[in-house]
Structures are given as C-alpha cells and as structure tokens.
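Take a look at the structure below.
The values are calculated or read from the model by the stated rules, or taken from the named source; none is laboratory data. Since the model is a prediction, treat every value here as computed from it, not as a measurement. Quick reminder, even Gly has a Cβ in these numbers, built from the backbone with ideal geometry, and neighbours come from all protein chains shown. These accessible areas exclude ligands, DNA and RNA; they are computed on the full protein's heavy atoms, side chains included. Shrake-Rupley method; radii C 1.70, N 1.55, O 1.52, S 1.80 Å.
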Amino acid sequence: MGAEQMNVIDLRSDTITHPTEAMRKAMSEAEVGDDVYGEDPSINLLEQRASEILGKEAGLLTASGTMSNLVAALTYCHRGDEIIMGDQAHMFWNESAGVSALAGAQVRLVPNDDQGKIDPADLSAAIRPRGNVHMPPTTLVCLENTHNRCSGAALTPQDTKAVADVAHEAGASVHMDGARIFNAAVALEVPPAELVKDVDDVSFCLSKALSCPVGSVLVGSEEFIGEARRWRKMIGGGMRQAGVLAAAGLVALETMIERLADDHANARRLAQGLADIEGLKVDPESIQTNIVIFEIEPSVGTAPEVLQALADAGVKVTPSRTQTLRMVTHRQVDSADVEEALSRVAGVVGKLREQNKA
Ligand SMILES: *Cc1c(COP(=O)(O)O)cnc(C)c1O
C-alpha cells in the first residue's frame, strides 16, 4: 500500500462495535440510582423491556455473557451436579471453565451437528438416572442460539423444543446461551419470545452486534432471577449507578435489532466471495447470520500463516478450528468494506498459493 494509509477492515468480531451517538446521548442523560438497592430506574426499565421481548417474567443486567452463563449455572446447580451441553458450546470452549471451577458442576458433552443442533436422542442417552449414588444428577442442559462455533447457525423453535422436552421430562432445567438470540430472530423471521418459549432462562449480549459498550441481560422466572441476583452479587457483579450502561441497552433494543439483517446480507456476500477464491472452502448457503467460518486448503498454508498474511494486508480475522478462520460482520463493516476485504483476501491467497508452488 506504500505511503497510502490502508484502512483496516476488522472482521474479528461484532464485539468491536462502538456505541452509537444516540447511545452516548442516552448514557449522558440517564436517570440513575443504586441498583443494589433496586433503585436504578434505567436498569429496572431495561430488565423489564428485555424480559417482555423474550416473554419471561423478570430480567437481570450482568457485566457480560460469560457472567450471565455462570450466574445461571450457579443458580441451578449444586456442587457435584452435571451440566450437559453441545461439544462446540461457547460455555465449554471460551468461558475459562467457570461452571466447573465456580459452580462445581461437571460438564458432559454431546455432539453438536454443523448447524449447532443437539440430537434429542443423544441427550436422552446422556441424562443420568436419578437416585444412583455413583452418579452426578443432570441438573441443567444448555443450548446456544445462534451457535458461534457452528458458523452462527440459528436454532428454530422446533429444534429447541425437541431438546427442552427431553431435559424437562428428566427433571433438568434448560438454559439458553442466546448471546446472539436477536440475530437468530431476524434470520428466521420469528419473534424472539417464540425462539425461547421452551427454555427456562435466556442470556443475551448487548455488547456484540447490538453495539453497546458493556452488558448482557439474563431473563427468566421471578423466582429464578431473584436467586440469580444473589449469585451475581456473590461473584462481585452487584452494580450501583449502572443505569448509564442500561440506557445504551434500551437504545439497542429499540434501534439495533432490525438492522442485523444488513450484517447477515454482508456475511452471505462474504461467504459467496470466499467460496469463489481457489484454495478456500465454505458453503455460502449455510450462512444464516453474521458469522462466516471458512476452511483453508493445505495448498494455501496453515490457518495461522493465512491469518498473519491477511492482517498484514489489513484484514483482521480470528482463528477457529485447526484449518479454519472466522469472519464476523457487524455495524462498522459495510458492503463496500466486504468487497474490499474479498479483493485483499483473493490477493493474499493467490500469492501464498504461488509461493507454495515454487
Ligand atoms: C460472546 C459469547 C458469550 C460471552 O459473552 P461475553 O459478553 O463476551 O462474556 C457467550 N456465548 C456466546 C455464544 C458468545 O458468542
């Protein structure tokens, strides 16, 4: 690029999105109070709005999706219980083993298919019989929608019901890690409440594609949220005038959901362009939301080599599995950026293939 300033196209994650002007304004004007006393009107309103949108009784603002997932596990599980989740679950891969270390629960994995689904028969076979002193009781089953490591695939209400019915039949609760539940709702054109009607609680992130600076919300029954509030306090998540954050969350729920369709269209276009580049593999038809995971053929190099070469060319991506990389579209990447990114990727991949031939 020489002396010309190269703009970096950051496709690492939708978490890099900055708050909008409307959010900053709402934050500066937010009515606040001490939330540990239940007196922050902005937080109370956010928790109420979030629970309405998701069809649950009550909500709880947390610092992050990781905190929400941990608080849910702490609320449901005793030490020595077992939690069943998919083998590609974010809670298993990317949350520092919090449910084991802090909730004292053992994690049991069942396969996720490439669309992030769990086979109800696999779940049924994994659930422990009750009353056997040798075995941990299966207290909790966790689902993920959209599924991060499965290319942002969305679970339908039917997918969720099939698994939740098996769990409930066996006396286990069902937690939905819905970090990107609104991406699923927009992609499937299903109301968010419909997507989560068969689970006991849901966590979603304000700080990802919805562009807030901080925060997640956990929603569920009054009783569940009452208990969850105590566990959040115990792990240091009691907040004071966090209405400043909730104010941004309220703007997000009003204005940031419908536009996710743009991110999905950009992701689909990105996948089509990547599929046309010799040496890369991805099925564009499989891309439902804003996450594109693509495979690198050995003729191009290893995933870390390609990641570095792309970074040098001003395209930031993240590693995924051994020979795959991940791109995520978001509010700060438009369709022109997508075309520019594709042209840089084509250049980098072409060059690496030439070098490897030589
Ligand atoms: C990002 C993410 C989380 C964790 O959220 P943080 O706010 O980053 O802690 C949990 N689950 C899934 C599926 C995610 O993508």
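Do we have any residue at all in region 189-201 that's within 12 Å of the ligand (Cβ to nearest atom) and touching a Lys or Arg at 6+ places or on another chain (Cβ under 9 Å)?
no
Enumerate the pairs (first residue in region 161-182 and under 18 Å from residue 68 (Cβ atoms); second residue anywhere and open to solvent by less than 10 Å² (accessible area, probe 1.4 Å) and away from the ligand (no atom under 16 Å from the Cβ)) with beta-carbon separation below 7 Å, excluding pairs fewer than 6 apart on the same chain, so at least 6 apart or on different chains.
Between residues of region 161-182 that are under 18 Å from residue 68 (Cβ atoms) and residues that are open to solvent by less than 10 Å² (accessible area, probe 1.4 Å) and away from the ligand (no atom under 16 Å from the Cβ), the close pairs are 174/164; 174/167.
When residues of region 40-53 are filtered for being surrounded by 22 or more Cβ atoms within 10 Å (Cβ to Cβ) and either away from the ligand (no atom under 16 Å from the Cβ) or over 18 Å from the mean Cα position of the chain (by Cα) (or both), how many remain?
6
Quick one: how many residues across region 115-143 are charged (D, E, K, R) and within 16 Å of the ligand (Cβ to nearest atom)?
Of the residues in that region, 1 qualify.
Please go through region 301-334 and give me each residue that is of a type in the set (Ser, Thr, Tyr) and in a loop (DSSP other than H, G, I, E, B), ordered by number.
If the condition is that a residue be of a type in the set (Ser, Thr, Tyr) and in a loop (DSSP other than H, G, I, E, B), then 302, 320, 322, 329 are the ones that fit.
Check every one of the helices (runs of 4 or more DSSP H) wholly within region 163-246 and list those with 3 or more residues that are open to solvent by less than 20 Å² (accessible area, probe 1.4 Å) and closer than 22 Å to residue 91 by Cα.
Ranges flagged: 181-188, 222-234.
Of the residues that sit in region 66-98 and are of a type in the set (A, V, I, L, M) and within 12 Å of the ligand (Cβ to nearest atom), which one is nearest to residue 168 (Cα to Cα)?
85
Can you give me the number of residues within region 192-239 that are closer than 29 Å to residue 332 by Cα and without any contact (Cβ under 8 Å) to a residue 12 or more places away in the chain?
0
Could you check region 46-129 for strands (runs of 3 or more DSSP E) lying wholly inside it with 2 or more residues that are closer than 19 Å to residue 215 by Cβ and among the hydrophobic types (A, V, I, L, M, F, W, C)?
58-62
Might you let me know whether region 144-160 holds any residue that is free of Cβ contacts under 8 Å to residues at least 40 places away in the same chain and within 15 Å of the ligand (Cβ to nearest atom)?
yes
Applying the selection to region 54-65, what residues are within 16 Å of the ligand (Cβ to nearest atom) and open to solvent by 10 Å² or more (accessible area, probe 1.4 Å)?
63, 64, 65, listed by residue number.
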